[in-house]
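Student: Below you'll find the structure I mean.
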There are 2 protein chains.
Amino acid sequence: MTATTRRGSATLLEVARDAGVSKTSVSRYFGDERSRLSTAMQQRIAASAERLGYRPNRIARGLKGGQSGLIGMLVADIRNPFSVAVMHGVEQACRAHGFSLMVCNTDNDADQAREHLALLASYRVEGLVLNVAGHPGEALAALAERNAPLVLLDRALDDLAADMVGLDNDQAIDAALDHLRRQGYGELLYVSEPPERASSRQQRLERFRERLDADGLQGETCCLALDDAPALERAIAGFLDRPSHAPKAVLCANGNVTLAVTRVLQARGDTLGTTGLMGIDELDWCGMVGPGITTLAQPTEAIGRAAMDSLLERQADARRPPRQVRFSPTLIPRGSTRR
Amino acid sequence: MTATTRRGSATLLEVARDAGVSKTSVSRYFGDERSRLSTAMQQRIAASAERLGYRPNRIARGLKGGQSGLIGMLVADIRNPFSVAVMHGVEQACRAHGFSLMVCNTDNDADQAREHLALLASYRVEGLVLNVAGHPGEALAALAERNAPLVLLDRALDDLAADMVGLDNDQAIDAALDHLRRQGYGELLYVSEPPERASSRQQRLERFRERLDADGLQGETCCLALDDAPALERAIAGFLDRPSHAPKAVLCANGNVTLAVTRVLQARGDTLGTTGLMGIDELDWCGMVGPGITTLAQPTEAIGRAAMDSLLERQADARRPPRQVRFSPTLIPRGSTRR
DNA sequence: ACGAAAAATGGGAACGTTCCCATTCTCGTG
DNA sequence: CACGAGAATGGGAACGTTCCCATTTTTCGT
């Protein structure tokens, strides 16, 4: 009872007894209501808590108040540097607002997504950042269940009117096409992963097609899963090996595509620049491959922070109409688009 | 009370009432004791739970049983692909054993580490994976407080006898030196980040120095913070621009170093291969820069899983002596070490 | 110096579980 | 046919908080 070592940490009640005050006062001290306590009491509590090594139990706190202090984040692919960068932003913002982030990785698997969503719901997360393709049904379930704020990252879900944060895809495609045209490329190949379940992929693809018509550029698109390397090789060969009137360039829809396409071009022995190459998403190595790869960088940290802001705002006003926040990309010109 | 939509999800008690059974039975159904229930009761509970959309509240469960179902992980730098890969392994293993992973990123900041550690403790995590430099005092505090299993990733802490999982650093350095020697490089520069607070950096550095003596190789070491680019440039210039009798090569202590050094070499216009380059840690782009960069790949996923295994074992037997698990690297030879 | 308002404090009842103990029911067995 | 073992079930007390209210103390204006 006195100074014996205990297995767990001290409880609020023990601190209260030790300090000779009520548990309510201790609760207030560690809650946000220190101002309601006299200085003397604050000191006594502080002393006792210190001596006993007391740490409030977030779990117990979450139970009564319904405040888990947790924000959940569902990421389709944790190994994607873009996702990690955004996650970093989300985490910073979480900390700044006293939340903790619980990240789940679905490996692009709908079953895992469902499972993880249920898990996050069972931890009563107070907000949810979603960066996955597909199945909003489950998301809705979790949402309805807990009535927790939700924000979509980089992809909208048709049948779910939710807040969303991401790149201004139209602007990105426009910037890319402008740059490529200005650099003298006349025939373009747009390579994307399958757009079916990811709205941002759809938007970029669509915009590419629209602008092609409008600008009178020659171009084509190609959507395929990146694990099918031979298919990608064939697609690229089909485009590059055809006789043409104007210099050719490949535009990559995201970082993963850029990686895969660059591998193929290298294997073929194409010279970057002569064959244009440009990608959305900036990566560590883009400046180091050949003459450097031109990219459109996304403001990843800002996107992450904006996601958290959106969560907080919706927490404050649940019935505000859904809003989309779009960020502008930054063009980083390099040798791969210099002839 | 009847079929009205509710704001949160149903509670165990509501399910019990709906099914006309006691809460204990429902608790048993969702716990691990289904076998103790009659088939009839199982069906009734299942039906009610389904209809009400019941999901057990992990927070409440954690309170009474002390089982948070959470594993904590502290990562020094979430943007390091190596850390992410290991984290991926840890997460998989967590899921396989019914735990969830809570990842905190410290951005190499001791204050954040302390803060996050306190946080994880307050969530009563049942295990802790540590991948940070420095301050074990805090870690010990959390450990002692909760008596939770602990495993160190990639770095041991001198004053803390804990389980640890990581690369076999000696073997890695040996493999690197063997390879470089066999390829005909005679003068070596070993570049590392400051080793003070990370044991694996120390081990690699030490081993490099030892083997240099033993093998009669010419070589030197250089430790600096990577954000100081000019210093790195100077160090590399000092090494490469000096007249010599044998081909020179740079060995990088980890992926971040490889990135920084490669940038410098490219800026200088050195030809990879003529100037040897080799790094520990395999990265996406290592095959694509110049003639490719030779690396020693770590089995990241396996390391992650092993960390989790270690946690579970220690959970089962708290007083087993600390154990270290060391993994072998895989050499991936590329053009940067071909003359 | 007298209330009355404001500030400081405390006592319990939740929150949604689990878990220890009863209690009831079902049989096989002597 | 009574008896106890074992299975199936239920009642209540925790777990460590927060929060509503009640109570006590202080501070002032007049």
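Student: Is the stretch B:23-42 home to any residue that is at pLDDT below 90 and not hydroxyl-bearing (S, T, Y)? Spell out how you get there, then give the answer.
Tutor: Of all residues in the stretch B:23-42, those at pLDDT below 90 come to B:32.
Still in the list and also not hydroxyl-bearing (S, T, Y): B:32.
Within the stretch B:23-42 (the criterion being at pLDDT below 90 and not hydroxyl-bearing (S, T, Y)), the answer is yes, since at least one residue qualifies.
Student: I'm checking my understanding of the structure. Among residues of the stretch A:90-118 that are within 12 Å of chain B (Cβ to nearest Cβ), outside any strand (DSSP E or B) and surrounded by 21 or more Cβ atoms within 10 Å (Cβ to Cβ), which one is nearest to the chain's Cα centre (by Cα)?
Tutor: Looking at the filtered set, the residue picked out is A:V90.
Student: Counting just the residues of the stretch B:43-62 that are over 42 Å from the mean Cα position of the chain (by Cα) and within 11 Å of DNA strand D (Cβ to nearest atom), which one comes out surrounded by the fewest Cβ atoms within 10 Å (Cβ to Cβ)?
Tutor: B:Q43
Student: Sticking with this structure for a sec: Just to be sure I understand the filter: pairs with C-beta atoms under 9 Å, separated by 6 or more residues or on different chains, first member in the stretch A:16-37 and over 13 Å from A:S48 (Cβ atoms), second member aromatic (F, W, Y). Which pairs pass?
Tutor: Going by the 9 Å Cβ cut-off, the qualifying pairs are A:L37/A:Y29.
Student: Could you tell me how many of the residues in the stretch A:52-87 are part of a helix (DSSP H, G or I) and free of Cβ contacts under 8 Å to residues at least 12 places away in the same chain?
Tutor: We begin by selecting, within the stretch A:52-87, every residue part of a helix (DSSP H, G or I); these are A:52, A:58-65, A:81-87.
Cutting the leftovers down to free of Cβ contacts under 8 Å to residues at least 12 places away in the same chain gives us A:58-61, A:63-65, A:84.
Final tally of qualifying residues: 8.
Student: Looking only at residues in the stretch B:181-212 that are over 23 Å from the mean Cα position of the chain (by Cα) and among the hydroxyl-bearing types (S, T, Y), which one is farthest from B:V165 (Cα to Cα)? Walk me through how you get there before you give the answer.
Tutor: Here is the first cut: in the stretch B:181-212, the residues over 23 Å from the mean Cα position of the chain (by Cα) are B:181-190, B:208-212.
Still in the running and among the hydroxyl-bearing types (S, T, Y): B:185, B:190.
Values: B:Y185: 32, B:Y190: 24 Å.
That would be B:Y185.
Student: Follow-up. Taking the stated definitions as given, is A:G184 surrounded by fewer than 20 Cβ atoms within 10 Å (Cβ to Cβ), out of contact with any Phe, Trp or Tyr (no Cβ under 9 Å at 6 or more places or on another chain) and on the phi > 0 side of the Ramachandran plot? Can you show your working first?
Tutor: Values: surrounded by fewer than 20 Cβ atoms within 10 Å (Cβ to Cβ): yes; out of contact with any Phe, Trp or Tyr (no Cβ under 9 Å at 6 or more places or on another chain): yes; on the phi > 0 side of the Ramachandran plot: yes.
Yes.
Student: Taking the condition of being more than 7 Å from every other protein chain (Cβ to nearest Cβ) and either more than 16 Å from DNA strand C (Cβ to nearest atom) or closer than 26 Å to B:H88 by Cα (or both), how many residues in the stretch A:55-84 meet it?
Tutor: In the first step, residues of the stretch A:55-84 are kept if they are more than 7 Å from every other protein chain (Cβ to nearest Cβ); the result is A:61, A:64-67, A:69-77, A:80-83.
Going one step further and asking which of them are either more than 16 Å from DNA strand C (Cβ to nearest atom) or closer than 26 Å to B:H88 by Cα (or both), we end up with A:69-77, A:80-83.
Final tally of qualifying residues: 13.
Student: Here is a list of conditions, (1) buried (at least 21 other Cβ atoms within 10 Å of the Cβ); (2) out of contact with any Cys (no Cβ under 8 Å at 6 or more places or on another chain), and A:I293 meets all of them except one; can you say which number that is?
Tutor: Every condition holds for A:I293 apart from (2).
Student: Within the stretch A:288-299, can you find the residues that are farther than 19 Å from A:L180 by Cβ and within 10 Å of chain B (Cβ to nearest Cβ)?
Tutor: Of the stretch A:288-299, the ones farther than 19 Å from A:L180 by Cβ are A:288, A:299.
Within the stretch A:288-299, A:M288 is the sole residue that qualifies.
Student: I would also like to ask the following. Would you mind finding the one in B:R61, B:R51 that is closer than 25 Å to B:H116 by Cβ, modelled with pLDDT under 95 and not assigned by TED's automatic domain parsing to the domain that holds B:V257? Let's see the steps before the verdict.
Tutor: Details: B:R51 fails: closer than 25 Å to B:H116 by Cβ.
Among B:R61, B:R51, only B:R61 is closer than 25 Å to B:H116 by Cβ, modelled with pLDDT under 95 and not assigned by TED's automatic domain parsing to the domain that holds B:V257.
Student: Could you go through the stretch A:86-101 and let me know if any residue there is within 16 Å of DNA strand C (Cβ to nearest atom) and on the phi < 0 side of the Ramachandran plot.
Tutor: Kept after step one, since they are within 16 Å of DNA strand C (Cβ to nearest atom), are these residues of the stretch A:86-101: none.
For the stretch A:86-101, residues within 16 Å of DNA strand C (Cβ to nearest atom) and on the phi < 0 side of the Ramachandran plot: absent.
Student: At least 2 residues that are touching a Ser or Thr at 6+ places or on another chain (Cβ under 9 Å) and polar (S, T, N, Q) in each: list the strands (runs of 3 or more DSSP E) lying fully within the stretch A:203-302 that qualify. Lay out the reasoning, then the answer.
Tutor: Values: elements: A:218-223, A:248-252, A:276-280, A:294-297.
Passing ranges, in order: A:218-223, A:294-297.
Student: Just one of A:L226, A:L251, A:L283 is buried (at least 19 other Cβ atoms within 10 Å of the Cβ) and within 14 Å of chain B (Cβ to nearest Cβ); which is it? Don't jump to the end; show me each part of the working.
Tutor: Numbers: A:L226 fails: buried (at least 19 other Cβ atoms within 10 Å of the Cβ); A:L251 fails: within 14 Å of chain B (Cβ to nearest Cβ).
Exactly one of A:L226, A:L251, A:L283 is buried (at least 19 other Cβ atoms within 10 Å of the Cβ) and within 14 Å of chain B (Cβ to nearest Cβ), namely A:L283.
Student: Does the stretch B:232-240 contain at least one residue that is over 30 Å from B:Q324 (Cα atoms), in contact (Cβ under 8 Å) with a residue 60 or more places away in the chain and surrounded by 19 or more Cβ atoms within 10 Å (Cβ to Cβ)? Give the derivation first.
Tutor: So in the stretch B:232-240, the residues over 30 Å from B:Q324 (Cα atoms) come out as B:232-240.
Next, from what is left, pick out any that are in contact (Cβ under 8 Å) with a residue 60 or more places away in the chain: none.
So far as the stretch B:232-240 goes, no, none of its residues is over 30 Å from B:Q324 (Cα atoms), in contact (Cβ under 8 Å) with a residue 60 or more places away in the chain and surrounded by 19 or more Cβ atoms within 10 Å (Cβ to Cβ).
The values are calculated or read from the model by the stated rules, or taken from the named source; none is laboratory data. All values derive from a computational prediction rather than experimental measurement. Every residue, glycine among them, receives a Cβ derived from its backbone with ideal geometry; neighbour counts consider all protein chains shown.
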